[in-house]
Amino acid sequence: MSDTSRRPRKPGKPYRRPKKDPVRILAFEALRAVDERDAYANLVLPPLLRKAREGGEFDGRDAALATELVYGTLRRQGTYDAVIAECVDRPLREVDPPVLDVLSLGAHQLLGTRIPSHAAVSATVELARVVLGDGRAKFVNAVLRKVAQHDLDGWLERVAPPYDEDPEDHLAVVHSHPRWVVSALWDSLGGGRAGIEELLAADNERPEVTLVARPGRATADELLREGAAVPGRWSPYAVRLTEGGEPGSIEAVRDGRAGVQDEGSQLVALALANASLDGPDEKWLDGCAGPGGKAALLAALAAERGASLLASEKQPHRAGLVAKALAGNPGPYQVIAADGTRPPWRPGSFDRVLMDVPCTGLGALRRRPEARWRRRPDDLDGFAPLQRGLLRTALESVRVGGVVGYATCSPHLAETRAVVADVLKQFPRTELVDARPLLPGVPDLGDGPDVQLWPHRHGTDAMYLAVVRRTG
């Protein structure tokens, strides 16, 4: 921060110290952490908010505004970059990142909220004075006054190419997704303008917080009685918090009898548990168990049937999170730190196996909006060998007559159907099970036999699931 107190003062213009706005300063700090440290907002923001509340700086409305400023700015970053680029006299890459963060915060207030234009500009310039100094605050003021000349629709008419000339680039600018992501999601949907527009728009909506009542330990009715909540759409164990409910205020969540888990993630675990088996149903495996949400649900479902769960996770610190999630499970379970591509267990040891493999995370862009700007097309090449190796392990680990669930939180065809098709060529004694009946009541599941969930159709993350049975 610049020390402007020693600068010569112009006659008639006494120096005025900038007003510190705790909400916008916190939002700026969160954006800087995301940019500088490759942090995720959903991990950075909660401790900052907690500290502000404990220090008496924030109330509930302040926390809600700070959250909206951070997530809204990150979600619409691509659109705001295009607008700001029209309002500065240099390429954006030559604008200092902290200055660009302040400009983006201002652009979001002007174009993405109901904050009056004069208040949005004034508050952002004050923020710039605090965190950047008077000199760069003047630059921020000049740019934001240009941004304020049009509303969002007016700017999109100016900065987005016409759909008819370049549909992917048009959608990328209008809906703030990298062009390659637009193309990949469009391929996964199978074409059509309406569907891709709905999906991209859904990615920019704030997702609800969804809880899971872990069977045998809590019920959905108990969670509904405790907080402002409504039942889940598809999972019998799901409860959706309304009015910005805080999960930590619910006793069952604090006790570990319930947890935060997207309904799509719940459905993947339930589908694997619902698949029919030939023979015993005693030993289950979660081969990529971190951070533990699916493992906790699977362990609870297994306990109801007298089965046990082995939860394996390669990273020791994530294995620790799994152990914490499973603590108190009513049935037998074990958590180990092991490489799923070089497993310590014997082949054919399990009746049911879930492999929710590491992926690009393009199915959870609602929750991690910054991921869309970090991922690159060549990331797919890095994940591909691991995804195939883990699916091979899963098929080797299940007994004849048993079932494997291959899941990703990405709808990219290179991470879903391509992986399954490639690996099954090496395992001719397998069959794809129609997964759609394993998700009873869930509509719009496509032609099968695999299942792709979508934010705009199902209100879930874009989880993919293929269910495979060993036949020999």
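The values are calculated or read from the model by the stated rules, or taken from the named source; none is laboratory data. Please read all numbers here as calculations on a predicted model, not as lab measurements. Counting neighbours? That spans all protein chains shown, and the Cβs are built from the backbone with ideal geometry, glycine included. SASA here: full protein model, heavy atoms, side chains in, ligands and nucleic acids out. Shrake-Rupley method; radii C 1.70, N 1.55, O 1.52, S 1.80 Å.
So LEU224 passes all but one of these: (1) within 26 Å of ARG75 (Cβ to Cβ); (2) touching a strand residue (DSSP E or B) at 6+ places or on another chain (Cβ under 8 Å); (3) open to solvent by 40 Å² or more (accessible area, probe 1.4 Å); (4) not basic (Lys, Arg). Which condition number does it fail?
(1)
In the stretch 190-219, which residues are of a type in the set (A, V, I, L, M, F, W, C), part of a helix (DSSP H, G or I) and touching a residue at least 60 places away in the same chain (Cβ under 8 Å)?
Within the stretch 190-219, LEU199, ALA201, ALA202 qualify.
Which number in (1) more than 23 Å from SER104 (Cα to Cα); (2) assigned to a loop (DSSP other than H, G, I, E, B); (3) in contact with an Asp or Glu (Cβ under 6 Å, 6 or more places away or on another chain) marks the one condition that SER183 misses?
Result: SER183 fails condition (2) only.
So which pairs qualify, if the first residue must be in the stretch 410-431 and of a type in the set (Phe, Trp, Tyr), the second must be open to solvent by 60 Å² or more (accessible area, probe 1.4 Å), the Cβ gap must be under 8 Å, and the two must be at least 6 apart or on different chains?
Qualifying pairs under 8 Å: PHE427/ARG392.
For the stretch 229-254, enumerate the residues that are over 23 Å from the mean Cα position of the chain (by Cα) and assigned to a loop (DSSP other than H, G, I, E, B).
Hits for the stretch 229-254: nothing passes.
Looking only at residues that are open to solvent by 40 Å² or more (accessible area, probe 1.4 Å) and free of Cβ contacts under 8 Å to residues at least 24 places away in the same chain in the stretch 227-244, which one is farthest from GLN266 (Cα to Cα)?
GLU243
Of the residues that sit in the stretch 44-73 and are open to solvent by less than 10 Å² (accessible area, probe 1.4 Å) and not polar (S, T, N, Q), which one is farthest from LEU110 (Cα to Cα)?
Looking at residues that are open to solvent by less than 10 Å² (accessible area, probe 1.4 Å) and not polar (S, T, N, Q), I get ALA52.
Taking the conditions exactly as written (of a type in the set (Gly, Ala, Ser) and not in a helix (DSSP H, G or I)), does SER276 satisfy them or not?
yes
Just give me the residues in the stretch 282-307 being surrounded by fewer than 17 Cβ atoms within 10 Å (Cβ to Cβ) and either free of Cβ contacts under 8 Å to residues at least 12 places away in the same chain or within 21 Å of THR393 (Cβ to Cβ) (or both), in sequence order.
GLU282
Just need a number here: residues in the stretch 310-338 that are in contact with a Lys or Arg (Cβ under 9 Å, 6 or more places away or on another chain), open to solvent by 30 Å² or more (accessible area, probe 1.4 Å) and at pLDDT 95 or above.
Residues flagged as in contact with a Lys or Arg (Cβ under 9 Å, 6 or more places away or on another chain), open to solvent by 30 Å² or more (accessible area, probe 1.4 Å) and at pLDDT 95 or above within the stretch 310-338 amount to 1.
Taking the residues in the stretch 201-217 that are of a type in the set (A, V, I, L, M) and either open to solvent by 30 Å² or more (accessible area, probe 1.4 Å) or closer than 15 Å to ARG367 by Cβ (or both) as candidates, determine which candidate is modelled with the lowest pLDDT.
My answer is VAL209.
Taking the stretch 169-189 as the region of interest, how many residues are open to solvent by 40 Å² or more (accessible area, probe 1.4 Å), within 29 Å of GLU68 (Cβ to Cβ) and touching a residue at least 12 places away in the same chain (Cβ under 8 Å)?
The total comes to 1.
What's the number of the only condition in (1) open to solvent by 60 Å² or more (accessible area, probe 1.4 Å); (2) part of a helix (DSSP H, G or I) that LEU270 fails to meet?
The number of the failed condition is (1).
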